[in-house]
Amino acid sequence: ARDGHGMSAVTGRCLCGACTFELSGAHNFIGHCHCDSCRRATASPMTTFIGHPDGAWRWTGAAPRMYESSPGNTRGFCGNCGSPMMFAATRFPSETHFYAALLSDPTTVEPEAQYHADERLPWMPAMDALPEE
């Protein structure tokens, strides 16, 4: 797909395919998150986010159900299959975080950093090549 600026757009979907999205243009960041909340939201030892500017993405299928996981933090998930879809926080205005593993082709992105490394599980392999932010 092409966005209005001639750049390729990337698409993604949940497990069942009901919730789909499209990200147009450049991403703000791509990074792993090790925090306890993200681990619980994804049932994984970490997750990988794509921070994308609001106004440059859209839901192309069913919109996710929203859950305020803590004050100022909203997580969206497919109301049918339960796949986590997105994260938004008042501390990150004008930006929504999408799960990189949901992309139609996750190899199109590469993590550049890791966040909350102090909460990384000790049995996770070290990611020494990435800066801790």
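Could you say which residue among Ala113, Ala100, Ala43, Ala26 is over 20 Å from Pro131 (Cα atoms) and touching a residue at least 12 places away in the same chain (Cβ under 8 Å)? Exactly one residue qualifies, and that residue is Ala26.
Note on the stretch 87-131: residues that are among the acidic types (Asp, Glu), touching a strand residue (DSSP E or B) at 6+ places or on another chain (Cβ under 7 Å) and closer than 22 Å to Asn73 by Cα amount to 1. If you go through the stretch 121-133 and keep only what is open to solvent by less than 80 Å² (accessible area, probe 1.4 Å), of a type in the set (A, V, I, L, M) and free of Cβ contacts under 8 Å to residues at least 24 places away in the same chain, you end up with just Ala126.
When Gly61 is tested against (1) open to solvent by 40 Å² or more (accessible area, probe 1.4 Å); (2) closer than 21 Å to Ala9 by Cα; (3) not aliphatic (A, V, I, L, M), exactly one condition is not met: (1).
From the set of residues in the stretch 73-120 that are among the hydrophobic types (A, V, I, L, M, F, W, C), more than 22 Å from Ser8 (Cβ to Cβ) and open to solvent by 40 Å² or more (accessible area, probe 1.4 Å), which is farthest from the chain's Cα centre (by Cα)? Among them, the one singled out is Cys81. Of the residues in the stretch 7-20, at least one is closer than 12 Å to Tyr99 by Cα, in contact (Cβ under 8 Å) with a residue 60 or more places away in the chain, open to solvent by 40 Å² or more (accessible area, probe 1.4 Å) and under 15 Å from the mean Cα position of the chain (by Cα). Under the condition of being within 15 Å of Phe98 (Cβ to Cβ) and assigned to a loop (DSSP other than H, G, I, E, B), the residues counted in the stretch 68-85 number 2.
Of the residues that make up the stretch 58-67, is at least one assigned to a strand (DSSP E or B) and touching a Pro at 6+ places or on another chain (Cβ under 9 Å)?
Of the stretch 58-67, the ones assigned to a strand (DSSP E or B) are 58-59, 65-67.
Next cut, touching a Pro at 6+ places or on another chain (Cβ under 9 Å) only: none.
Within the stretch 58-67, none of the residues are assigned to a strand (DSSP E or B) and touching a Pro at 6+ places or on another chain (Cβ under 9 Å).
Scanning the stretch 40-57 for residues that are in a strand (DSSP E or B), open to solvent by 40 Å² or more (accessible area, probe 1.4 Å) and closer than 30 Å to Pro122 by Cα yields nothing.
The requirement of being free of Cβ contacts under 8 Å to residues at least 40 places away in the same chain, among the charged types (D, E, K, R) and in a loop (DSSP other than H, G, I, E, B) is satisfied by Arg91.
The values are calculated or read from the model by the stated rules, or taken from the named source; none is laboratory data. All values reported here derive from a predicted model rather than from experimental measurement. As a convention, Cβ positions derive from the backbone with ideal geometry for all residues, glycine included, and neighbour counts pool all protein chains shown. For the accessible areas, the whole protein counts, side chains as well, though only heavy atoms, and no ligand, DNA or RNA atoms are used. Shrake-Rupley method; radii C 1.70, N 1.55, O 1.52, S 1.80 Å.
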